[in-house]
Amino acid sequence: MSAPRIGVLALQGAFREHRQRLESLGVAVTEVRLGSDLHGLSGLILPGGESTTMARLMTEYALWEPVRAFHAAGGHLWGTCAGAILLSREVEGAPPQFGRQDSLNLLDVTVQRNAFGRQIDSFTTDLPVRGLNNGFAAVFIRAPAFTRVGEGVEVLASYGEQAVMVRSGRVTATAFHPELTPDVRLHAMFAGQCAAPVVMA
């Protein structure tokens, strides 16, 4: 079996940092900008950035349906910060001028944008994460939180009363930025879940 190749959505945000973390683990990486870039991948990371901008670019590059099809065909998805917002079923706190925020609707959670404040309120905390022996230095920058977690969605980490890392099947979401720390354990965890390349119709 060939080694998994993981894609990083490269429209906006911290996609280069995700690529660097994966490559430091020896993982082959593809930057994804078009639906055709998803062919042959085992997993896809949706990075942190600005979720309304990323959603607009997803529409501009016609990526909504290809990403849904990639997941339906067996692909693993991991969204961090803005990427987590794009995965969620319900999005709260979008600027009113944008109306309802589009999402992939692949994770049965409600996500609250900017749940921990503005850029000036950014912080790093030692966060216990299920599956890791020691705490993870989680970087929160205008971070969301999962205010409702649907049935079958597993909470992997919480900060206070707020769920900040969840997983359901082949979809994982983190409210914080694991790509902004040299600790690659969460990237290794995700890469370990990705197996055979996905064959899309």
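The values are calculated or read from the model by the stated rules, or taken from the named source; none is laboratory data. Every value quoted in this text rests on a predicted model; they were computed, and no experiment measured them. Methodologically, a virtual Cβ is constructed for each residue, glycine included, from the backbone with ideal geometry; neighbour enumeration extends over all protein chains shown. Keep in mind that these areas ignore ligands, DNA and RNA; they rest on the heavy atoms of the full protein, side chains included. Shrake-Rupley method; radii C 1.70, N 1.55, O 1.52, S 1.80 Å.
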- prompt: If a residue has to be free of Cβ contacts under 8 Å to residues at least 24 places away in the same chain, within 20 Å of Ser103 (Cα to Cα) and not in a strand (DSSP E or B) to count, how many in segment 126-178 make the cut?
  reply: 1
task: Read through the list (1) within 24 Å of Ala196 (Cβ to Cβ); (2) over 13 Å from the mean Cα position of the chain (by Cα); (3) modelled with pLDDT of 95 or more, then give the number of the only condition that Gly7 fails.
output: (2)
- line: Expected single match for open to solvent by 30 Å² or more (accessible area, probe 1.4 Å), modelled with pLDDT of 95 or more and of a type in the set (Asp, Glu) among Glu161, Glu154, Glu179 is Glu154
query: Do we find that Thr53 is open to solvent by 50 Å² or more (accessible area, probe 1.4 Å), within 28 Å of Gly150 (Cα to Cα) and either without any contact (Cβ under 8 Å) to a residue 60 or more places away in the chain or in contact with a Pro (Cβ under 7 Å, 6 or more places away or on another chain) (or both) in this structure?
result: no
field: Residues (within 12 Å of the chain's Cα centre (by Cα) and without any contact (Cβ under 8 Å) to a residue 60 or more places away in the chain) located in segment 10-26
entry: Phe15
query: Can you pull out the residues in segment 1-29 that are touching a strand residue (DSSP E or B) at 6+ places or on another chain (Cβ under 6 Å), assigned to a helix (DSSP H, G or I) and of a type outside the set (D, E, K, R)?
result: Phe15, His18, Leu22
statement: Of (1) open to solvent by 40 Å² or more (accessible area, probe 1.4 Å); (2) under 19 Å from Val8 (Cα atoms), Gly131 fails just (2)
task: Output the residues belonging to segment 58-93 that are crowded, with 17+ Cβ neighbours inside 10 Å and farther than 19 Å from Val155 by Cβ.
output: Met58, Leu63, Trp64, Pro66, Val67, Phe70, His71, Gly75, Ala82, Leu86
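Among the listed residues Arg185, Arg167, identify the single one that is at pLDDT 95 or above, closer than 21 Å to Leu44 by Cβ, over 14 Å from the mean Cα position of the chain (by Cα) and open to solvent by 30 Å² or more (accessible area, probe 1.4 Å).
On the way: Arg167 fails: over 14 Å from the mean Cα position of the chain (by Cα).
Answer to the check: Arg185.
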field: Selected residue (criterion: farthest from Ile141 (Cα to Cα)) from residues of segment 30-49 that are in a strand (DSSP E or B) and open to solvent by 10 Å² or more (accessible area, probe 1.4 Å)
entry: Thr30
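Sort out which residues of segment 1-24 are among the aliphatic types (A, V, I, L, M) and loosely packed, with under 14 Cβ neighbours inside 10 Å, and write them in order of number.
Within segment 1-24, Met1, Ala3 qualify.
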